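Take this structure, written in structure tokens, and hold onto it; I'll ask about it next.
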Amino acid sequence: MTRAHVDPSERTGRQPLRLPALEITQGPSRRIYTFAIDGKHMSDIATVARIRRGSDTQLHGYQRPESLAHVAAIRRYLDTDPSPMLPNAIVVAFDDRVRFEADRDTEDVPAFVRSGTLIIPMMDSGDPDKPGFIVDGQQRSAAIRDAKLDHFPVCVTAFIAETHADQRSQFILVNSTKALPKGLIHELLPGAAGALPVPLMVRQLPATLVERLNFAHQGPLRGMIQTPTNPKGLIKDNSMLRMLENSLSDGALYPYRGDRGGPNFGYMLGILNNFWSAVAEVFSDAWNKPPRRSRLMHGAGIIAMGYLMDAISHKRAAPDEIVSAAEFAADLKSIADDCYWTHGVWPFEDGERAWNDVQNTPRDIQRLSDYLQTRYRRAMQAVTPAQRGPQP
């Protein structure tokens, strides 16, 4: 969020840091700044926004945990090489307390670049409210901090972001070509703003649904989905994302994704909470167990059950209504005896498979999906409306 400018001398008694810098204009309005600073003093102007959940379950920060092995390797290089060099710039996102003053005479430089001075407030060493966040280069910065060198100048590329959403978006873009954990990107997507690559934009809506299902105050999936800030979750976030993407593409969630307006999260979350509440009730012996002990909680089970949710919704739901938990449960009970989530053998059409032989592969997911939907259709054909349970 935008902060009111506060003179650092009034708050800390320390004069602001004034560094020679270049301002480079990219596109119609983006401005980036490049400057040099002693790496030993990076912690005076910028901190690392570690990804975490607060007591209110809101997402804070965006950086992955520091890799101690990586930091140690860089530090050994700095301490042992007679002429160490780290040419890559550290990328920093500043808030609007940082400002740039252009030099008066800039006529002899290209129109897209200005020389000047970047003015950065200096906080006390223990003050967490630094004006900058390290977007890329946290391992290098930590290694320089811990190295035995008295000083080590580094190049910094910086931009000024008014909101945390913009910082997260830039962090994703800067790291999208690196081996950044997908789970971290997925957890950051709901709070990102601005332009993102198309594959990430496609995942932003299902990622938002995962966040709301996982961190809502109530619901059957609360705390069940494994993410960087919820490592004890039993269901892999990618499995839940794939289930949601399938339903958003042409299933029960499709009418509410908001192609011509905003997504109808109320309807979508209503469907999802009702269905998974029914799943937890009907398959209570297989619910809330590690995937190795229950194929219901396994990627194949989650995705296959998503297809079944779509099939039941298509058969049950009236226009502008969603299937209730009781209706979902009534239909799920009709195939409960045909499911072998924790023991037994799945009698697939192409051969029997032990319950724990089902793997998270496209072929096994398709095999399990076809089996569940075939059993469901047969069960619905064999019962009368009175036997079927609650109706819309």
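So residue 286 clears everything in (1) more than 20 Å from residue 209 (Cβ to Cβ); (2) touching a helix residue (DSSP H, G or I) at 6+ places or on another chain (Cβ under 8 Å) except one condition, right? Which one?
Only one criterion in (1) more than 20 Å from residue 209 (Cβ to Cβ); (2) touching a helix residue (DSSP H, G or I) at 6+ places or on another chain (Cβ under 8 Å) is unmet by residue 286, namely (2).
Right, next: Residues that are touching an Asp or Glu at 6+ places or on another chain (Cβ under 8 Å), modelled with pLDDT of 85 or more and within 24 Å of residue 22 (Cβ to Cβ): find the strands (runs of 3 or more DSSP E) completely inside the range 101-198 holding 2 or more of those. Show your work before the answer.
Numbers: elements: 113-120, 132-136, 153-160.
Answer list for the range 101-198: 113-120, 153-160.
Now, a different point. Which residues, counting only those in the range 363-378, are under 32 Å from the mean Cα position of the chain (by Cα) and either under 14 Å from residue 242 (Cβ atoms) or touching a residue at least 24 places away in the same chain (Cβ under 8 Å) (or both)?
Applying the first criterion (under 32 Å from the mean Cα position of the chain (by Cα)) to the range 363-378 yields 363-370, 372-373.
Result: 364, 365, 366, 368, 369, 372, 373.
So if I check each of 368, 372, 296, which one is of a type in the set (A, V, I, L, M, F, W, C) and touching a Leu at 6+ places or on another chain (Cβ under 6 Å)?
Working: 368 fails: touching a Leu at 6+ places or on another chain (Cβ under 6 Å); 296 fails: touching a Leu at 6+ places or on another chain (Cβ under 6 Å).
Only one candidate passes the filter, namely 372.
Consider residue 67 carefully, then state whether it is at pLDDT below 75, in the same structural domain as residue 146 (by TED's automatic domain parsing) and hydroxyl-bearing (Ser, Thr, Tyr). Before the answer, list the steps.
Values: at pLDDT below 75: yes; in the same structural domain as residue 146 (by TED's automatic domain parsing): yes; hydroxyl-bearing (Ser, Thr, Tyr): yes.
Yes; evaluated as a whole, the condition is true for this residue.
Give 312, 335, 271 a once-over and let me know the one that is β-branched (Val, Ile, Thr) and either free of Cβ contacts under 8 Å to residues at least 40 places away in the same chain or farther than 20 Å from residue 377 by Cα (or both).
On the way: 312 fails: either free of Cβ contacts under 8 Å to residues at least 40 places away in the same chain or farther than 20 Å from residue 377 by Cα (or both); 335 fails: either free of Cβ contacts under 8 Å to residues at least 40 places away in the same chain or farther than 20 Å from residue 377 by Cα (or both).
Matching residue, one of 312, 335, 271: 271.
For the structure I just gave you, tell me whether residue 297 is within 23 Å of residue 362 (Cβ to Cβ), modelled with pLDDT of 95 or more, assigned to a loop (DSSP other than H, G, I, E, B) and not acidic (Asp, Glu). Working first, answer last.
Values: within 23 Å of residue 362 (Cβ to Cβ): yes; modelled with pLDDT of 95 or more: yes; assigned to a loop (DSSP other than H, G, I, E, B): yes; not acidic (Asp, Glu): yes.
Answer is yes for this residue.
Residue by residue, here is whether (1) surrounded by 17 or more Cβ atoms within 10 Å (Cβ to Cβ); (2) assigned to a loop (DSSP other than H, G, I, E, B); (3) within 20 Å of the chain's Cα centre (by Cα) holds:
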site: 226; (1), (2), (3): yes, no, yes
site: 241; (1), (2), (3): yes, no, yes
site: 244; (1), (2), (3): yes, no, yes
site: 258; (1), (2), (3): no, yes, no
site: 269; (1), (2), (3): yes, no, yes
site: 274; (1), (2), (3): yes, no, no
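Suppose we filter the range 344-358 for residues that are within 34 Å of the chain's Cα centre (by Cα) and not acidic (Asp, Glu); how many remain?
Of the range 344-358, the ones within 34 Å of the chain's Cα centre (by Cα) are 355-358.
When the remaining residues are screened for being not acidic (Asp, Glu), the result is 355-356, 358.
Counting residues in the range 344-358 that are within 34 Å of the chain's Cα centre (by Cα) and not acidic (Asp, Glu) gives 3.
Still on this structure: Quick check on residue 278: is it within 22 Å of residue 360 (Cβ to Cβ), in a helix (DSSP H, G or I) and in the same structural domain as residue 342 (by TED's automatic domain parsing)? Show your work before the answer.
On the way: within 22 Å of residue 360 (Cβ to Cβ): no; in a helix (DSSP H, G or I): yes; in the same structural domain as residue 342 (by TED's automatic domain parsing): yes.
For residue 278, the condition - within 22 Å of residue 360 (Cβ to Cβ), in a helix (DSSP H, G or I) and in the same structural domain as residue 342 (by TED's automatic domain parsing) - is not met.
Could you please let me know if residue 6 is in contact with a strand residue (DSSP E or B) (Cβ under 6 Å, 6 or more places away or on another chain), at pLDDT below 90 and of a type in the set (Val, Ile, Thr)? Working first, answer last.
On the way: in contact with a strand residue (DSSP E or B) (Cβ under 6 Å, 6 or more places away or on another chain): no; at pLDDT below 90: yes; of a type in the set (Val, Ile, Thr): yes.
Here the answer is no, as residue 6 does not meet what is asked.
The values are calculated or read from the model by the stated rules, or taken from the named source; none is laboratory data. Keep in mind that this is a model prediction, so the values were computed, not measured. Every residue, glycine as well, gets a Cβ built from its backbone with ideal geometry; the counts of neighbours run over all protein chains shown.
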